[in-house]
Structures are given as C-alpha cells and as structure tokens.
1. Can you name the number of the only condition in (1) touching a helix residue (DSSP H, G or I) at 6+ places or on another chain (Cβ under 7 Å); (2) touching a residue at least 40 places away in the same chain (Cβ under 8 Å); (3) surrounded by fewer than 16 Cβ atoms within 10 Å (Cβ to Cβ) that Glu24 fails?
2. I'm trying to understand the selection: among the residues of the stretch 110-124, which are assigned to a loop (DSSP other than H, G, I, E, B) and either modelled with pLDDT of 95 or more or surrounded by 24 or more Cβ atoms within 10 Å (Cβ to Cβ) (or both)?
3. From the set of residues in the stretch 227-239 that are open to solvent by 90 Å² or more (accessible area, probe 1.4 Å) and not in a loop (DSSP other than H, G, I, E, B), which is modelled with the highest pLDDT?
4. Quick check on my filter: what residues within the stretch 48-89 are under 24 Å from Pro181 (Cβ atoms), of a type in the set (Phe, Trp, Tyr) and open to solvent by 30 Å² or more (accessible area, probe 1.4 Å)?
5. Is it true that Ile156 is modelled with pLDDT under 95, hydrophobic (A, V, I, L, M, F, W, C) and over 16 Å from Pro236 (Cβ atoms)?
6. If you go through the stretch 32-77, how many residues are farther than 18 Å from Phe111 by Cβ and assigned to a helix (DSSP H, G or I)?
7. Is it fair to say Ala242 is of a type in the set (Gly, Ala, Ser) and either open to solvent by 70 Å² or more (accessible area, probe 1.4 Å) or more than 26 Å from Thr283 (Cα to Cα) (or both)?
8. Only one of Asp257, Asp278, Asp262 is closer than 13 Å to Tyr119 by Cα, open to solvent by 70 Å² or more (accessible area, probe 1.4 Å) and of a type outside the set (Val, Ile, Thr). Can you tell me which?
Amino acid sequence: MKYGHSEVGNFSDGTFDYEQNEIEFLPVNVEDAADQILIAKWILRVTGSRYGVTVSFSPKISDGQAGSGMHVHMRLMRSGRNVTFENGEVSDAAVSAIAGILDLAPALCAFGNTVPTSYFRLVPRQEAPTNICWGKRNRSALVRVPLGWTGTGDMIAKANPLETPSEHDFNGKQTFELRSPDGSADIYLLIAGICVGARHGLTMPDGAAFARKTFIGVNIFEEKHRDKQKDLPQLPRSCKAAADALLEKTAVFKQQDVFTGDILKGTVRKLLAYEDEDLRERTSGDREATMELVRRYLHCG
C-alpha cells in the first residue's frame, strides 16, 4: 500500500453510518496490479465481516451522496525508466497514450462500469467525471495528471517544514490516472483495455491533435465554465451506451489478439441484459426506486 485515508463520502441515514475510505497501492506490473485488487477486496470483505461491518465497492450507495470510484494510476515506462514527464512537462509519448485512452474511454466503461448504478455515479458535482477530457491537477477531468513530483524545489519539504530538504529525483513517481472506473469493474479486462488504449494512442495519426482538443485547464463543473463542458464528448449514461461504444471500437480491441470476439460479445450481451438505456431518467426524483437499485448492486465487484 501507498496510503489509506478517509474520503468525502461519509454520512448517516439515521439507521446506518457510512464511511468512505480510499486505499492506494504502489505501482506494479499490470498483471500484479489486477491480482492485488482482487486479493485486497477479499481481505477487506473478510475483515469487515469479522467485525460486523459491511464492506461495499458499489459505485453508488445512496441517493445524493458521492459515489465510489476505482481510479487507475499508471506510468509510461521505457527501458525501465518512467517517461511520463520530460523536462518538467507531460511527455509527448504520455500525451499520445492519454489520447488513445480518451478515444476508447466510452468503450472502456464496458469493462470498468459494469452495473446500472455505475452511471448514477458519473454525474456532475459528485466527485466523478462526466466528459472525455484530461488535465493537470484537475479533478473534473476524466484523465488527470496529479500533483507532480517534478519541478523546482522540494515538494516534501515545502509541505512539511520540519523535513530536511532533499535533492532526490522523484520523477519516477509521476503518474496519470483514469477516473471513470468503479468497484464493479472486471479488473482484468479493464486493465487489458487500458493497455490497448495506451498503445492505440501511440499509433494514432491524429493523437496529438485529439489531446489538444480535449485538454482542460479549468473545473468544467463550475457554472462559469459550463460552455467548455458542452464542447466535450460525454461518457456513456448507461450500460447500453457502454455496450454500443464497445461494439463501435471492436476492431481496436481485437488487434494483436488482446481481446477475442467471444469476450467482447459476452461483455456486450451482459450489459444489454440490464435494459437500462433510460434508467436514470425513469428513476429521477424517485428516491425509493433509486435505493432499490443501490441495494441490488451493493455487493457488485
């Protein structure tokens, strides 16, 4: 683990107390990352059960409260060296990889947002992305380059004045994160899909132009920036829309035999079975209907 801490989704409904926590792992190879997540979920659920606590990884556990995501941090490596940043800026290679992930983002929801309540989380001002865009240190972006370890000065010493300044190079710690997935994800398919997206971006002829068009330097959920939000493509609003997006990008996912046709067809079939195309609209304002869905998918993932 890198760290664990309490998050913003803490509340009480008069019967139960809910506490949201974030756990972040140190970076490892993609195969190990997928295994780590499954093992961690098992440990947390078993430990919670022993103490009489319900542990849920559901994307939404209450109407009107922030949902729970599963952000995926990644580093672009070349010859054992992190090349996400070069000369204090996001490298051209990293920008290309981000562009590819953004281009496939709606389809990646088919692996990373696999139940109807996933799309109750992906709404404005609920600590989750809604539009296909990226930015630096920007929590309204789909792909976010978090606070960097590069640049002038010692960030650790600046944040903690009692620390002794260090000249250590922290460039290897820089990551970027995909913020749309949640705990319902099929983690093996999701991580494989993200890798396909990164490779797709490195070979996209118009990747750099796409990245420039989708970069945001403002919080698009603020009222004064609403126009910027309207100019950006949106993430799917349902499992049905995610299935349609996956069908549209099937050829990309099948390249180099990373995904088989049967895996993609099975994923689409499962998503379409929910028949949730207009579910958000049908349940809007109906708290009991929303909570029934929350209870149904409380133990997803």
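1. With (1) touching a helix residue (DSSP H, G or I) at 6+ places or on another chain (Cβ under 7 Å); (2) touching a residue at least 40 places away in the same chain (Cβ under 8 Å); (3) surrounded by fewer than 16 Cβ atoms within 10 Å (Cβ to Cβ) applied to Glu24, the lone miss is (1).
2. Of the stretch 110-124, the ones assigned to a loop (DSSP other than H, G, I, E, B) are 113-117, 122-124.
Answer for the stretch 110-124, where residues must be assigned to a loop (DSSP other than H, G, I, E, B) and either modelled with pLDDT of 95 or more or surrounded by 24 or more Cβ atoms within 10 Å (Cβ to Cβ) (or both): Asn113, Thr114, Val115, Pro116, Thr117, Leu122.
3. Just the residues of the stretch 227-239 that are open to solvent by 90 Å² or more (accessible area, probe 1.4 Å), to begin with: 227, 230-231, 234, 237.
Keeping just the survivors that are not in a loop (DSSP other than H, G, I, E, B) gives 227, 230, 234.
Working: Asp227: 86, Lys230: 85, Gln234: 95.
Looking at residues that are open to solvent by 90 Å² or more (accessible area, probe 1.4 Å) and not in a loop (DSSP other than H, G, I, E, B), I get Gln234.
4. Across the stretch 48-89, the qualifying residue is only Phe57.
5. On the way: modelled with pLDDT under 95: yes; hydrophobic (A, V, I, L, M, F, W, C): yes; over 16 Å from Pro236 (Cβ atoms): yes.
Here the answer is yes, as Ile156 does meet what is asked.
6. Qualifying residue count, the stretch 32-77: 12.
7. Values: of a type in the set (Gly, Ala, Ser): yes; either open to solvent by 70 Å² or more (accessible area, probe 1.4 Å) or more than 26 Å from Thr283 (Cα to Cα) (or both): no.
No: the conditions fail for Ala242.
8. Asp278
The values are calculated or read from the model by the stated rules, or taken from the named source; none is laboratory data. Model, not experiment: these values are computed from the prediction. All Cβ positions, even for glycine, are placed from backbone atoms using ideal geometry, and neighbour counts span all protein chains on display. Remember, those area values only see protein heavy atoms, side chains included, never the ligands or the DNA or RNA. Shrake-Rupley method; radii C 1.70, N 1.55, O 1.52, S 1.80 Å.
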